[in-house]
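Below: one structure, written as structure tokens.
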Amino acid sequence: MPRVLVVANQKGGVGKTTTAINLGTALAAIGESVLIVDLDPQGNASTGLGVERKDRRVSTYDVLVGEAPLGDAIIETAIPRLHLAASTLDLLGLELEIANERDRTFRLRNAIAAHAAQATGKFAYSYVLVDCPPSLNLLTINAMSAAHGVLVPLQCEFFALEGLSQLLQTVDQVKQALNAELAIHGIVLTMYDARNNLANQVVADVRETMGDTVYETVIPRNVRLSEAPSYGKPALLYDIRCSGSQAYLRLASEIIQREKRFRAVAA
């Protein structure tokens, strides 16, 4: 089985999709085989990787309603070793469609397990990153039920810690009821501006509150990170030398190091 990491925060605009795209690209750049699963109906991760809506013939919606296996939804991207399972607006109606199904919270986990059992070559992944919608709905619960860890992007702003307790509570509930393996993999501070005293105070407060859970790497506020999606490219493909791209490469290395500790504890 690949390691499944969910990128989640119920607040919008904190850098979830930017993190999923660029972390996936960074992991692929250092030799990992990565699948990004887009579970956000807005489909920004799919767009940010250059996949047009007309090309999303099979989507994560089809996988979760049971009409297609995960392998049919996988698209190869322009980045070697990085693949995508794209989303469409059909995901908006998923909760109502499968609300009465007994396995509704395990649809993604079952799909990933079924794919991993028969995947070979370039379709055998070491990491699966799941980009979640900005809410704690059935899509996010599905992702957490399938995951080994939750990666939480947290914007360096005044309200950064607001809502974090609710997310941590949800993770704990999923761990107790649905997925005993689930853990907070880490919190990544995003949109950091070193010139802003408030941002520095937020970083200090979050580190004091959450301790070692917070990654050392901080993602800066960077124009290149904002521009890249409009070209359908991750920032690492758009401008690998920019501060944002370099930060995501450091984050990927840090995640791999943290993964070694997680696996050692699990063993």
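Distance between the C-alpha centres of the range 153-196 and the range 20-52: 20 Å, rounded to the whole angstrom.
Taking a probe of 1.4 Å, how large is the accessible area per residue of the chain, in Å²?
On the way: 12070 Å² over 267 residues.
That works out to 45 Å² for each residue.
Once the Cα-Cα distance is subtracted from the 0.36 nm per residue extended length, the GLN118 to ILE256 segment shows a gain of 47.2 nm. With the simple spin-label model, which puts each label point 7 Å out from Cα in the Cβ direction, the GLN169 to SER126 separation comes to 3.9 nm.
Each principal axis of the Cα atoms in the range 41-96 has its own extent, and those three values, largest first, are 36, 21, 16 angstrom. By the helix-only formula, in which each DSSP H run with n ≥ 4 contributes -39500 (n - 2.57) and the sum is divided by residues, the chain has a 222 nm mean residue ellipticity of -12500 deg cm²/dmol.
With both residues required to sit in the range 76-225, DSSP beta bridges show an antiparallel share near 10%. Close amide H contacts of CYS242 (hydrogens built in the peptide plane, cut-off under 5 Å, sequence separation of 5 or more or a different chain): none are found. With the gyration tensor restricted to C-alpha atoms of the range 78-223, the semi-axes of the equivalent ellipsoid amount to 30, 20, 15 Å, longest first. Rolling a 1.4 Å probe over the protein heavy atoms of the range 200-267, with every protein chain left in place, gives an accessible area that is 51 percent carbon and sulfur.
Counting only DSSP beta bridges whose two residues both lie in the chain, roughly 10 percent are antiparallel. Taking amide H positions as modeled 1.01 Å from N, with prolines and chain starts lacking one, the residues under 5 Å from ALA183 and 5 or more places away or on another chain are GLY149, VAL150. The chain gives an Rg/Rh value of 0.94, both radii derived from C-alpha positions and Rh following Kirkwood. What FRET efficiency do you get for LEU161 and ALA78 if R0 is 35 Å and r is their Cβ-Cβ distance, rounded to the nearest 0.05? Given R0 = 35 Å and the Cβ-Cβ separation, E is 0.40. For the cross-link pairs LYS54/LYS233; LYS233/LYS260; LYS11/LYS260, the ones whose C-alpha atoms lie over 26 Å apart are LYS233/LYS260; LYS11/LYS260. For GLN155, the amide hydrogen comes within under 5 Å of the amide hydrogens of THR190, counting only partners 5 or more places away or on other chains and with H modelled in the peptide plane.
Here the gap between ASN196 and ARG53, fully extended at 0.36 nm per residue and compared with their Cα-Cα distance, gives a gain of 47.7 nm.
The values are calculated or read from the model by the stated rules, or taken from the named source; none is laboratory data. In this text the structure is predicted, and so the values were computed from the model without any measurement. We place every Cβ from the backbone using ideal geometry, glycine too, and count neighbours over all the protein chains shown. Calculation scope for accessible area: heavy atoms of the full protein, side chains included, ligands and nucleic acids excluded. Shrake-Rupley method; radii C 1.70, N 1.55, O 1.52, S 1.80 Å.
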